[in-house]
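Student: I have a structure I would like to understand better, so I am pasting it below and will then ask my questions one at a time.
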Amino acid sequence: MDRSAYRWFPHALFLSMGVVFAVNGYFIYAAVNSFPGAAGTDGFDLSNGYDKVLATAAKQATLGWQVESSLDDSGRPLLRLTDKAGAPLSGAVIDAHAERPLGPPESTVLTFRALDGMRYQADAPLAFGQWDILLAVTSGGDRYTATRRVLVK
């Protein structure tokens, strides 16, 4: 009498489910043991002000300002600021500081000086590694905030 090949089906089903449970168990273990920090407790308060965040983003979108970042040869941040038409952003005042996005917290205040009508250079170079430059650009009563990431090699 020939035995059916389907006699292994229940075993294959249980083995497959066992693999799924084992993989999910590993993911749970990895998630719990690799948690990078404590979650904030002010999420509800932050969400209550989200309409202001959306209004600010909409206002900045209508301004149409462009903020491009790069580094010079010595590792000093360079900014290129233009208006909606691509013209230099006249009379821009830049408040900026750089923070490390990874690793131990490190922050440095940046002071920018105008090279010409649209290019601005920081007064000091940044150390090796990744940096987030948090900018607040003010011109003609309008304010534009942005974050730009640079990698100093």
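The values are calculated or read from the model by the stated rules, or taken from the named source; none is laboratory data. A quick note: this is a predicted structure, and the numbers were derived from the prediction, not measured. Positions of Cβ are generated from backbone atoms using ideal geometry, with glycine treated the same way; all protein chains shown enter the neighbour counts. Ligands, DNA and RNA are stripped out before the accessible areas are found, and what is left, the full protein with its side chains, is counted by its heavy atoms. Shrake-Rupley method; radii C 1.70, N 1.55, O 1.52, S 1.80 Å.
Student: Does any residue in the range 44-63 that is within 15 Å of residue 145 (Cβ to Cβ) come within less than 8 Å, Cβ to Cβ, of a residue that is modelled with pLDDT of 85 or more and surrounded by 10 or more Cβ atoms within 10 Å (Cβ to Cβ) six or more places away or on a different chain, and which pairs are these?
Tutor: Listed by first residue and then by second, the contacts come to 56/145; 60/144; 60/145; 63/83; 63/84; 63/142; 63/144.
Student: Going by the conditions given, is residue 26 at pLDDT 95 or above, open to solvent by 70 Å² or more (accessible area, probe 1.4 Å) and over 19 Å from the mean Cα position of the chain (by Cα)?
Tutor: Considered against the rule, which asks whether it is at pLDDT 95 or above, open to solvent by 70 Å² or more (accessible area, probe 1.4 Å) and over 19 Å from the mean Cα position of the chain (by Cα), residue 26 comes out as yes.
Student: Among what's in the range 94-127 and is more than 18 Å from residue 150 (Cβ to Cβ) and of a type in the set (Gly, Ala, Ser), pick the residue that is farthest from the chain's Cα centre (by Cα).
Tutor: Here the residue is 117.
Student: To continue, here is another question. Would you point out which residue out of 95, 72 is touching a strand residue (DSSP E or B) at 6+ places or on another chain (Cβ under 9 Å) and under 24 Å from residue 143 (Cα atoms)?
Tutor: It is 95.
Student: Which number in (1) in contact with a Ser or Thr (Cβ under 8 Å, 6 or more places away or on another chain); (2) surrounded by 16 or more Cβ atoms within 10 Å (Cβ to Cβ); (3) under 24 Å from residue 62 (Cα atoms) marks the one condition that residue 78 misses?
Tutor: If we test residue 78 against (1) in contact with a Ser or Thr (Cβ under 8 Å, 6 or more places away or on another chain); (2) surrounded by 16 or more Cβ atoms within 10 Å (Cβ to Cβ); (3) under 24 Å from residue 62 (Cα atoms), just (3) comes out false.
Student: Report the residue count in the range 44-78 for those that are closer than 17 Å to residue 127 by Cβ and of a type in the set (Lys, Arg).
Tutor: 1
Student: Right, residue 91: more than 22 Å from the chain's Cα centre (by Cα) and either surrounded by 15 or more Cβ atoms within 10 Å (Cβ to Cβ) or at positive phi (or both) or not?
Tutor: Yes: the conditions hold for residue 91.
Student: Filter the range 117-146 for residues that are over 15 Å from residue 67 (Cα atoms) and part of a loop (DSSP other than H, G, I, E, B); which is most open to solvent (accessible area, probe 1.4 Å)?
Tutor: 128
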